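Undergrad: Quick one: structure below, then a few questions.
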Amino acid sequence: VLLHRLANFQRVWSLPPNENTGKEVTALAWRPDGKILAFGLTDTKRIVLCDVEKPESLHSFSVDSSITYMHWMEVTEESSVLTSFYNAEDESNLLLPKLPALPKNYSTTAKIFSEEKSDEIMKLLGDVRLNALVLGGSSGFIEIYAYGMFKIATVTGVAGSCRGLCLSSDLKSLSVIAEIRDSSDSEAEITYFQASKLDTSLLSSYLPEVTRMARKFTHISTLLQYIKLSLTCMCEAWEEILMQMDSRLTKFVQEKNTTTSVQDEFMQLLLWGKASLELQALLMNQLTVKGLKKLGQSIESSYSSIQKLVISHLQSGSEALLYHLSELKGMALWKQKYECLGLDASGIEEAITAVGSFILKANELLQVIDSSMKNFKAFFRWLYVAMLRMSEDHVLPELNKMTQKDITFVADFLTEHFNEAPELYNRKGKYFNVERVGQYLKDEDDDLVSPPNTEGNQWFNFLKNSTHLKESPLLFPYYPEKSLHFVKRQMEGVIDRCLQKPADVIGKSVHQAVCMSLYKISQSEDSTPQLFKLPFLWNDKTSNIHYVLFTILENSISKIHILRRHTDTSRSVSNGILAVDFGNFLNNSINESSDSRCYSCLDAHFYDDETVTVVLKESVEQEGKERVLAQLPLSSVYTDENQDREFIWDSTKRLDEQSGEICTRTVVLENQWRVLENMKAQYVSVNGIRKVSCVLSSNLRHVRVFEMDVEDDGEVEEEEEEETT
């Protein structure tokens, strides 16, 4: 994906294909505010949301089908309920502490939340006003994502592969152009569906509720990502060096030829101050005084980093998640408003419980870190002195002081951590698990090697003996055998399931209002690289009318047709369909027999609600015949004198079989056109707000950018970017 500035074609950034996101981009869409670009990848079936300023993935998710078309729209409806919600949206900012930014010294995965200002999350959430990313894919796949992040509808009932779609800004209707291939037929058929919502128009009539629910969902999505990245940072803070102790002791067991256990060897050293020759060799030759010091420092710095991440990031993220889920549960209990959208209180209750279990597990990890740090400190201090004595170095008097309490502490540590476990050797290839923190950060389904010891814990005993509390919904379930990663995955699964239901419910409420078969495309035509494919869909926001632009081949001329329908399917719009003929508008001196000229339309795009931009070529193409970029005003197509002949559609036939019946308007363009010299123009893409058009050549290698509304024809600025192969 390459992003260029329009003014001078300077490249802003490029995002090369990579293994994680994918290699084949099939669709692009800008968020209506222009701050985020979404693109769909067909090989990995992923959607990536990218920041306009820098080529960083802010958010990505997987879909079930390869995406062929994307459309990102914004809701323009206004109501007092919505306005009050837009203003009150920041409640959570007042009640919740700001999420601390993730430390920058970890790998790039955490970039999104590591900005000091942490505005990235807000940038991702964008404006409170609802916007929706509509995805169309192969085999009738259509999904709607609120704010480009959270799925609010899975639409069924459309056949074929999506070639274009458009959701009206009042959310009342969704138009789809699909390509249906019949296995027996080599030609594909292009069909127009206008799938309108049920008469209640679920999305539009519950717009405030949908907006509020979708906003909560996006908050929850970002928090899940925040927790995931915090955990990634914790895994990076835990270093491999911490495993040294386990591997050295395992090697010691394999090589020694005495019968005493490792635990006894260390106990003898603790009590009599004398070590066997083998232990002495292990400590002095393999571990060394210097190595011991380094190991002690690594453990301390690593543990304290993990501890900080748990306290400041994991816990604050989980608490914010709990807050948003509790608010969502409150919404679900308001049944007359939210039940019809598929919000289910019991599912959300399960999600809250899962978050509670995750918080418990994070607390357990904190306790393990805390006791490990104390134990290791005392153990290393004692071992350091013992090793100095072995090497007959001078021991500083302050190191020499060891109270009875310290000795007990070390003895307990040895008893608990230094017992050999042959079954562990079969599982992990080592006899010891001295280091207890790493097991929590492993992304495995295996149980913990050394789960915490809960014997004698008064609360556990109390729960065991209480019949009522065992099943209480107020207690979060506790998984003593499982790692933090496992509990996190479980939590994500439960949250995903509970937030999936609205998409199914809203999707089922969508039903088909109209289905029209437009025309067939031949194989030969389809083999050309199709980029900005016609047909093109447009939704006029002010009058809520859908337009479809497409061409039908008549006498070897591609004639442009305009179909218009009201988004409210109960209301019909006259002049449903018209064909447009372009009269002769080039200077007669170029070609004397000018009356015989006909123009084929190559590509067309709506420039704004009143104008269509087209690329034309002469049907009898000779050398030196140039292609033309022109503006077609709709006012010249839909004129009053045209009202009497309305086209009566025969639904049993395809439209191209009835093209003779369609009313044709001949339009003479006065001065709104321009010859494209020295360029085999094929495609056009426009932006009416910025008043520019981009024309692309048929070999996809030359781009020209035109300013469309320049008064004096002689001063048209034209920039050209030619890209070599």
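Per-residue answers, yes or no, for (1) within 19 Å of THR218 (Cα to Cα); (2) at pLDDT 80 or above; (3) part of a loop (DSSP other than H, G, I, E, B):
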position: ALA7; (1), (2), (3): no, no, yes
position: ALA38; (1), (2), (3): yes, yes, no
position: ILE47; (1), (2), (3): yes, yes, no
position: LEU58; (1), (2), (3): yes, yes, no
position: GLU77; (1), (2), (3): no, no, yes
position: VAL81; (1), (2), (3): no, no, no
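Undergrad: Looking at region 83-107 only, could you name the residues that are part of a loop (DSSP other than H, G, I, E, B) and either farther than 30 Å from CYS235 by Cα or open to solvent by less than 80 Å² (accessible area, probe 1.4 Å) (or both)?
TA: GLU89, ASP90, LEU96, LEU99, PRO100, ALA101, LEU102, PRO103, TYR106, SER107
Undergrad: Something else now. Being open to solvent by 10 Å² or more (accessible area, probe 1.4 Å), in contact with a helix residue (DSSP H, G or I) (Cβ under 7 Å, 6 or more places away or on another chain) and at pLDDT 85 or above is the filter here, so list the residues in region 150-187 that pass it.
TA: Scanning region 150-187 gives PHE150, LYS151, THR154.
Undergrad: Here's something else I'd like to know. If I filter region 410-428 down to residues being of a type in the set (D, E, K, R) and closer than 19 Å to SER371 by Cβ, which single residue comes out as modelled with the highest pLDDT?
TA: ASP412
Undergrad: Quick test of your reading of the structure: PRO55 fulfils all but one of (1) under 22 Å from ILE144 (Cα atoms); (2) open to solvent by 40 Å² or more (accessible area, probe 1.4 Å). Name the failing condition by number.
TA: (1)
Undergrad: Pairs please, first residue from region 470-487 and free of Cβ contacts under 8 Å to residues at least 60 places away in the same chain and assigned to a helix (DSSP H, G or I), second anywhere and open to solvent by less than 50 Å² (accessible area, probe 1.4 Å) and not aliphatic (A, V, I, L, M), Cβ atoms under 9 Å, 6+ apart in sequence or on different chains.
TA: Short answer, once both residue conditions are applied: PHE486/LYS361.
Undergrad: Just wondering, is there one or more residues in region 348-366 that are open to solvent by 50 Å² or more (accessible area, probe 1.4 Å), part of a helix (DSSP H, G or I) and farther than 30 Å from PHE217 by Cα?
TA: no
Undergrad: In region 710-722, is there at least one residue being part of a loop (DSSP other than H, G, I, E, B) and modelled with pLDDT of 75 or more?
TA: There is no residue in region 710-722 that is part of a loop (DSSP other than H, G, I, E, B) and modelled with pLDDT of 75 or more.
Undergrad: Hey, could you check region 658-687 for residues that are charged (D, E, K, R) and within 16 Å of CYS601 (Cα to Cα) and say which is most open to solvent (accessible area, probe 1.4 Å)?
TA: Step by step, filter region 658-687, then rank; the result is LYS680.
Undergrad: Related question: Can you list residue pairs whose Cβ atoms sit under 9 Å apart, with the first residue in region 497-508 being part of a helix (DSSP H, G or I) and the second being of a type in the set (Asp, Glu) and surrounded by fewer than 21 Cβ atoms within 10 Å (Cβ to Cβ)? Count only pairs 6 or more apart in sequence or on different chains.
TA: ARG497/GLU350; CYS498/ASP344; CYS498/GLU349; CYS498/GLU350; LYS501/ASP344; PRO502/ASP344
Undergrad: Given the conditions (1) in contact with a Leu (Cβ under 9 Å, 6 or more places away or on another chain); (2) of a type outside the set (Lys, Arg); (3) modelled with pLDDT under 85, report the number of the one that TYR384 does not fulfil.
TA: For TYR384, the failing item is (3).
Undergrad: Something else about it: Taking region 9-23 only, how many residues are outside any strand (DSSP E or B) and at pLDDT 90 or above?
TA: The qualifying residues number 0.
Undergrad: Could you tell me which of the residues SER276, SER247 is among the hydroxyl-bearing types (Ser, Thr, Tyr) and either modelled with pLDDT of 85 or more or touching a helix residue (DSSP H, G or I) at 6+ places or on another chain (Cβ under 9 Å) (or both)? Talk me through it step by step, then tell me what you get.
TA: Numbers: SER247 fails: either modelled with pLDDT of 85 or more or touching a helix residue (DSSP H, G or I) at 6+ places or on another chain (Cβ under 9 Å) (or both).
Just one listed residue meets the conditions, SER276.
The values are calculated or read from the model by the stated rules, or taken from the named source; none is laboratory data. Quick caveat: nothing in here was measured; it's all calculated off a predicted structure. Here Cβ is always computed from backbone atoms with ideal geometry, including for glycine, and neighbour counts include all displayed protein chains. SASA here: full protein model, heavy atoms, side chains in, ligands and nucleic acids out. Shrake-Rupley method; radii C 1.70, N 1.55, O 1.52, S 1.80 Å.
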